[in-house]
There are 2 protein chains.
Amino acid sequence: MANKPVTADRCDCEVIHDDVVNEVRRKMPKEETLYDLAETFKVFGDSTRIRILWALDESEMCVCDIASLLNMTQSAISHQLRVLKQAKLVKNRREGKVVYYSLDDEHVRLIIDQGMAHINEG
Amino acid sequence: MANKPVTADRCDCEVIHDDVVNEVRRKMPKEETLYDLAETFKVFGDSTRIRILWALDESEMCVCDIASLLNMTQSAISHQLRVLKQAKLVKNRREGKVVYYSLDDEHVRLIIDQGMAHINEG
DNA sequence: CAGTTATATGAGTAAATATTCATATGTTTG
DNA sequence: CAAACATATGAATATTTACTCATATAACTG
């Protein structure tokens with residue numbers, strides 16, 4: 001009954017460091033958690049949405065303001081705002097016909113700042 | 001010669017708050033900067049890459065280790081490591097046949113931590 | 001209530017991309 | 001040098017997705 005290596009089915013090479021792999025595996029968060037984390041970053045990973053977030057960090061704005069600022073259609077902006085809202089990165093309030101959007105969370109700014117720090121150092 | 005509104009060509013609605021739009025436009029970083037920022041977040045926005053980054057935050061690992069840990073093919077991992085390297089998120093060193101990867105930058109951890117903070121509060 | 005304006009949304013399309021498969025490169029070992 | 005192994009990479013494919021277009025919803029205005 002030899003100590004069977006933990007080589008995974010799909011991995012077409014031999015495990016080099018079982019101890020490291022097992023230790024890291026033990027500490028890894030749930031797959032679902034990391035999936036959610038990736039989904040969050042995916043929302044930041046589009047230049048239209050990043051520009052919207054940046055703009056909303058400066059000031060609350062309505063959909064039309066944002067469309068004008070970015071020189072894009074109202075529809076395109078509205079679709080992206082929906083994505084941002086589902087990710088809980090922005091919130092909105094209605095005032096008559098006009099819907100104002102703003103950042104939902106102080107994390108948004110922190111995340112953007114860290115990203116900026118990375119590209120400025122690179 | 002009336003003061004022509006700044007309504008953008010592609011925006012199919014009227015600007016509501018010219019003052020806000022102009023002020024935000026003035027403060028916006030260069031389009032290229034925000035594009036680069038989005039490109040960086042895009043790299044974090046894939047669960048395979050996030051899992052790789054998380055693993056490398058625990059320990060330096062070779063390609064085969066990572067493939068085994070994530071139960072994915074060596075090829076798939078290698079392709080993603082290339083993306084991570086181009087984004088300067090990971091670095092590598094060769095030791096004989098084996099190539100070891102590790103995080104390139106302390107920002108990586110900070111960015112992931114901020115992302116985690118967001119999903120944990122949401 | 002009819003018209004106008006602001007926003008939202010469903011369907012379709014074009015572009016981006018993650019993985020697979022086959023194969024190439026690079027290094028060690030016999 | 002030949003065989004073996006770790007890694008890299010090009011091409012093909014399937015999926016995702018950002019935007020457009022048409023239209024719906026919602027609220028104000030006369």
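Sort out which residues of the range A:102-116 are open to solvent by 30 Å² or more (accessible area, probe 1.4 Å) and in contact with a helix residue (DSSP H, G or I) (Cβ under 7 Å, 6 or more places away or on another chain), and write them in order of number.
A:ARG109, A:LEU110, A:GLN114
Taking into account only those residues within the range B:44-79 that are acidic (Asp, Glu), surrounded by fewer than 20 Cβ atoms within 10 Å (Cβ to Cβ) and over 19 Å from A:ASP36 (Cα atoms), which is nearest to DNA strand D (Cβ to nearest atom)?
B:GLU60
For the range A:14-51, enumerate the residues that are touching a residue at least 40 places away in the same chain (Cβ under 8 Å) and over 13 Å from the mean Cα position of the chain (by Cα).
Correct list: empty.
All but one of (1) more than 16 Å from DNA strand C (Cβ to nearest atom); (2) at the interface with chain A (Cβ under 9 Å from one of its Cβ atoms) hold for B:MET72, so report the exception by its number.
All conditions pass for B:MET72, except number (1).
Those residues that are over 15 Å from B:GLN86 (Cα atoms), touching a Lys or Arg at 6+ places or on another chain (Cβ under 8 Å) and more than 7 Å from every other protein chain (Cβ to nearest Cβ), I need them from the range B:40-69; list them, please.
Within the range B:40-69, just B:ASP57 meets the criteria.
What number of residues in the range B:91-118 are under 30 Å from A:ALA87 (Cα atoms) and within 8 Å of chain A (Cβ to nearest Cβ)?
Selection size over the range B:91-118: 11.
Check B:CYS13, B:CYS64 and return the single one that is in a loop (DSSP other than H, G, I, E, B) and farther than 20 Å from A:VAL108 by Cβ.
Exactly one of B:CYS13, B:CYS64 is in a loop (DSSP other than H, G, I, E, B) and farther than 20 Å from A:VAL108 by Cβ, namely B:CYS13.
Give the residue that is nearest to the other protein chains (Cβ to nearest Cβ), with candidates limited to residues of the range A:80-90 that are more than 9 Å from DNA strand C (Cβ to nearest atom) and open to solvent by less than 20 Å² (accessible area, probe 1.4 Å).
A:LEU89
Would you be able to tell me the number of residues in the range A:91-101 that are surrounded by 11 or more Cβ atoms within 10 Å (Cβ to Cβ) and in contact with a Phe, Trp or Tyr (Cβ under 7 Å, 6 or more places away or on another chain)?
Result for the range A:91-101: 1.
The values are calculated or read from the model by the stated rules, or taken from the named source; none is laboratory data. From a predicted model like this one, the values you see are computed outputs, not experimental measurements. Note that each Cβ is placed from the backbone with ideal geometry, even for glycine, and that neighbours are counted across all protein chains shown. All accessible areas refer to the heavy atoms of the entire protein, side chains included, with ligands and DNA or RNA removed. Shrake-Rupley method; radii C 1.70, N 1.55, O 1.52, S 1.80 Å.
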